[in-house]
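**Q** Starting off with a structure, shown below.
The values are calculated or read from the model by the stated rules, or taken from the named source; none is laboratory data. Quantities reported herein were computed from a predicted structural model and do not represent experimental measurements. Ideal geometry is used to build each Cβ from the backbone, glycine not excepted, and the neighbour counts take in all protein chains shown. For accessibility, only protein heavy atoms count, side chains too; no ligands or nucleic acids. Shrake-Rupley method; radii C 1.70, N 1.55, O 1.52, S 1.80 Å.
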Amino acid sequence: MAKEIKREVSLLLYTTSELTTQVKDLISQAKEAAQKARAPYSGFQVGAALLLSDGSIVLGNNQENAAYPAGLCAERVAFFSAKANKPEAIILKVAIVALKMNANEHNIPAPCGSCRQVMSEYESEQPEPIEVYLTGGTGDVLMSSSIENLLPFKFSSDQLGN
Ligand code: THU
């Protein structure tokens, strides 16, 4: 009999009124960033707002290009910007808003696999997990207590054997 190797993941579902002022503010900044996204091809505007350990907020949004694969998701724009400018700061929270979506337990604005991979490597290099808040232009907010929770069985530098 094969041995089952299990990883349990879960999200918490919040209505906006249940969130702290700090998280509500982070989400509203991510929403503003989403409104400035460059998404002429998909029309799917996404914004990301990171709260850093120094109290500052770093924003990103998706940037599409006529050469489609050259574009980049909101999350990676925000994470790369944070790490380019403040490499020592810890990333405490990220709010991600997919403007077109009405978020609920059946309709989750989930970050793509490549963004999960990028975010997970930064998370693994810091002492604290990154809290993730996912929402749409309308609807509920889904919270993941870490990036790891979004990417079980992840690929990491451990596998490279260095
Ligand atoms: N997109 C993001 O910015 N973040 C995600 O997590 C999912 C997808 C963008 C990429 C592309 O510009 C558009 O949404 C449609 O896929």
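**Q** May I ask you to list the residues in the stretch 8-64 that are near the ligand (Cβ under 9 Å from one of its atoms), surrounded by 12 or more Cβ atoms within 10 Å (Cβ to Cβ) and not small (Gly, Ala, Ser)?
**A** Arg38, Phe44, Gln45, Val46, Asn61, Asn62, Gln63, Glu64
Results for (1) in contact with an Asp or Glu (Cβ under 8 Å, 6 or more places away or on another chain); (2) more than 22 Å from Pro152 (Cα to Cα), shown as yes or no for each residue.
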| position | (1), (2) |
| --- | --- |
| Asn85 | no, yes |
| Lys93 | yes, no |
| Ile96 | yes, no |
| Met101 | no, yes |
| Ser120 | yes, no |
| Glu128 | no, no |
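**Q** Yes or no: Ala95 within 14 Å of the ligand (Cβ to nearest atom) and within 14 Å of Leu134 (Cα to Cα)?
**A** Spelling it out, Ala95 is indeed within 14 Å of the ligand (Cβ to nearest atom) and within 14 Å of Leu134 (Cα to Cα).
**Q** Considering the stretch 109-123 alone, what residues qualify as being in contact with a helix residue (DSSP H, G or I) (Cβ under 8 Å, 6 or more places away or on another chain) and under 16 Å from Ile91 (Cβ atoms)?
**A** Pro111, Cys115, Arg116, Val118, Met119, Ser120, Glu121, Tyr122, Glu123 - these are the residues of the stretch 109-123 that are in contact with a helix residue (DSSP H, G or I) (Cβ under 8 Å, 6 or more places away or on another chain) and under 16 Å from Ile91 (Cβ atoms).
**Q** Look through the stretch 66-75, keep the residues that are farther than 14 Å from Glu123 by Cβ and within 8 Å of the ligand (Cβ to nearest atom), and return whichever of them is nearest to the chain's Cα centre (by Cα).
**A** Ala74
Listed here are the residues, each with its yes/no results for (1) farther than 20 Å from Ser114 by Cα; (2) part of a helix (DSSP H, G or I).
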{"site": "Val23", "(1), (2)": "yes, yes"}
{"site": "Ala48", "(1), (2)": "no, no"}
{"site": "Leu59", "(1), (2)": "no, no"}
{"site": "Phe79", "(1), (2)": "no, yes"}
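**Q** Given Ser114, Ser144, Ser120, which one is touching a strand residue (DSSP E or B) at 6+ places or on another chain (Cβ under 8 Å), within 16 Å of the ligand (Cβ to nearest atom) and among the hydroxyl-bearing types (Ser, Thr, Tyr)?
**A** On inspection, the qualifying residue turns out to be Ser144.
**Q** Of all residues being more than 16 Å from Ile147 (Cα to Cα) and in a loop (DSSP other than H, G, I, E, B) in the stretch 81-100, which is least open to solvent (accessible area, probe 1.4 Å)? Just the residue, please.
**A** It comes out as Ala89.
Yes or no, residue by residue, for (1) in a helix (DSSP H, G or I); (2) open to solvent by 30 Å² or more (accessible area, probe 1.4 Å); (3) polar (S, T, N, Q); (4) more than 15 Å from Leu13 (Cα to Cα):
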site	(1), (2), (3), (4)
Pro109	no, no, no, no
Arg116	yes, yes, no, yes
Pro129	no, yes, no, yes
Tyr133	no, no, no, no
Thr138	no, yes, yes, no
Leu142	no, no, no, no
Ser146	no, no, yes, no
